[in-house]
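Accompanying notes for the structure given below.
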Amino acid sequence: DAGVIQSPRHEVTEMGQEVTLRCKPISGHNSLFWYRQTMMRGLELLIYFNNNVPIDDSGMPEDRFSAKMPNASFSTLKIQPSEPRDSAVYFCASRTTPGLASEQYFGPGTRLTVT
Amino acid sequence: DQQVKQNSPSLSVQEGRISILNCDYTNSMFDYFLWYKKYPAEGPTFLISISSIKDKNEDGRFTVFLNKSAKHLSLHIVPSQPGDSAVYFCAASGKNYGQNFVFGPGTRLSVLP
């Protein structure tokens, strides 16, 4: 298996532009997570899905952030409009069998820079 | 308020010696704990886990110890190797957290040759 796939790996954009990050989870995994890593706050959960349904989006910073999972093999995280403080590394992770203790598998991350 | 704390931002250890990374948590509802390792420009990768019904779990050079009364866990790496140099994240989960893990801020381990 190729693991969790994220694209793009790097994104540089200007303040005010829309940014879309993409994730393909591991086939067969039921849960998908979006994280953001910054120096100040470490690794923080933004939102997670079970069986394509958003379960907890309390970590989404504000209305400028939105996430979708139209099917079991694809998810997007959109920021509109983007701001310099959104600069961070965004990770997608997936895991199998909701409700049981098992580890999450992380993608390589997307490094976002908003100028 | 951080529910999972790693109070040492960095740690340096000589190759061949023991590395001990510490993690404290505040929520007594956590019952499953994991350690992840992260290299630069890569996503975190799972290293080892422990359930609250145990106090020790070992996998090769890596051992995790859990002290529930102190709400403390530690990761021991013996012997440490230069390839172990990475950022180590402690994470916790519990029945009230569904599939979510709460991550600590990480500890950067440097193993010196």
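The values are calculated or read from the model by the stated rules, or taken from the named source; none is laboratory data. Computed from a predicted model, the values in this text were never measured in an experiment. When we count neighbours, we look across all protein chains shown, and the Cβ atoms used for this are built from the backbone with ideal geometry, even at glycine. Heavy atoms of the whole protein, side chains included, go into the accessibility calculation; ligands, DNA and RNA do not. Shrake-Rupley method; radii C 1.70, N 1.55, O 1.52, S 1.80 Å.
Placing +1 on the Cβ of each Lys and Arg and -1 on the Cβ of each Asp and Glu in chain B, which of B:GLY106, B:SER69, B:GLN81 has its Cα farthest towards the positive end of the resulting dipole? Positive-end residue among those listed: B:SER69. Mind running the shape call on the stretch A:12-51? Use the C-alpha gyration tensor, a ≥ b ≥ c as the square roots of the eigenvalues: rounded below 1.5 for a/c, prolate if a/b tops b/c, oblate otherwise. Since a/c reaches 1.5 but b/c is at least a/b, the shape of the stretch A:12-51 is classed as oblate.
Running a GNM on chain B with Cα contacts under 10 Å, which residue among B:LEU47, B:LEU75, B:LEU34 ends up with the highest mean-square fluctuation? With Cα springs under 10 Å in chain B, the top fluctuation among B:LEU47, B:LEU75, B:LEU34 is at B:LEU47. Taking a straight line from the alpha carbon of A:LYS78, these lysines sit under 26 Å away, with near neighbours fewer than eight places off in the same chain left out: A:LYS24, A:LYS68, B:LYS38.
Along the axis of the charge dipole computed for chain B (Cβ charges of +1 for Lys and Arg, -1 for Asp and Glu, origin at the Cα centre), the listed residues B:GLY94, B:LEU34, B:SER19 are led at the positive end by B:GLY94.
Shielding of peptide B:42-48 by partners, expressed as the average count of other chain Cβ atoms within 10 Å per residue Cβ, is 6.
With 0.36 nm allotted per residue and the present C-alpha distance subtracted, the B:ILE18-B:GLN2 stretch has 3.0 nm of extension available.
Legend: calculated FRET efficiency, A:SER58 to B:ALA41, from the Cβ-Cβ distance at R0 = 22 Å, rounded to 0.05, equals 0.15. Taking A:GLY16, A:GLY42, A:GLY59 as the candidate residues, the one with maximal mean-square fluctuation in a Gaussian network model of chain A, Cα springs under 10 Å, is A:GLY42. Taking 16 Å as the straight-line reach from the Cα of B:LYS54, the lysines in range (excluding those fewer than 8 positions away in the same chain) are B:LYS68, B:LYS71. Given +1 at the Cβ of Lys and Arg, -1 at the Cβ of Asp and Glu and no other charges, the dipole of chain B around its Cα centre is 120 debye to the nearest 20. With the crude spin-label approximation of a point 7 Å out along Cα→Cβ, what separation in nm comes out for B:LEU11 versus A:SER66? Here the answer is 4.4 nm between the modelled labels.
Across the stretch A:104-115, coupling constants 3J(HN,Hα) worked out from phi with the 6.51/-1.76/1.60 Karplus curve, θ = phi - 60°, read 8, 10, 9, x, x, x, 10, 8, 9, 10, 10, 9 Hz, and Gly and Pro carry x. Taking the charge dipole of the stretch A:1-63 about its Cα centre, with +1 at Lys and Arg Cβ atoms and -1 at Asp and Glu Cβ atoms, the residue from A:VAL12, A:PRO25, A:ASN51 reaching farthest to the positive side is A:PRO25. Give the B-A buried accessible area in Å², both sides summed, 1.4 Å probe, nearest 100. Accessible area lost upon association: around 1500 Å². Once the 1.4 Å probe is applied to the protein heavy atoms, the protein assembly as shown comes out at 48 Å² accessible per residue.
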